[in-house]
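Here is the structure we will look at.
Nothing in this text is a laboratory measurement; each read-out follows from the coordinates by a stated rule. The structure presented is a predicted model; accordingly, all values stated were derived computationally and were not measured. When we count neighbours, we look across all protein chains shown, and the Cβ atoms used for this are built from the backbone with ideal geometry, even at glycine.
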Amino acid sequence: MAAAKGPPSDEPGAADRDDRPEMVRKLQERKQRHQERGRLARIGVVVLGVVLVLGGIVLSGPGIPGPGFAVILVGLAFLALEFDRAERLLERVMIWADQAKDRAERATTREKVAVGVIVVIGAAAAVAAVLLWDIPFLPF
């Protein structure tokens, strides 16, 4: 994980050496523009970010359908505009996702087929368990 921290330097060709994902660079540009907003708007962004993160945590609970992880990331993106700790966490998640995408693109056909087979077997086992052991599929 050799991601550069902070904005690129003003040296010639420094932008070419910036190995941060594009989304991280865009986030930092957006954060600079956000700092120019009024206090009320900035407070609203923080409140919205907290509400989204808490809502995403609730959606991530067992038996609750919904895109909890995605909602948490959106809330974290709002909080990253205001807080450095949230920005660093979001940067790590984006770098991890970018690396996972690269690994998936480099995977051989054999590896992709093996993962597909494992997913199908896992789904079939879950359906079999629901049917055989009378596990309620829906929480009601």
- Query: What number goes with the only condition from (1) surrounded by fewer than 13 Cβ atoms within 10 Å (Cβ to Cβ); (2) within 29 Å of residue 102 (Cβ to Cβ) that residue 28 does not pass?
  - Reply: (1)
- Query: What residue, of 117, 93, is within 30 Å of residue 37 (Cβ to Cβ) and either assigned to a helix (DSSP H, G or I) or of a type in the set (A, V, I, L, M, F, W, C) (or both)?
  - Reply: 93
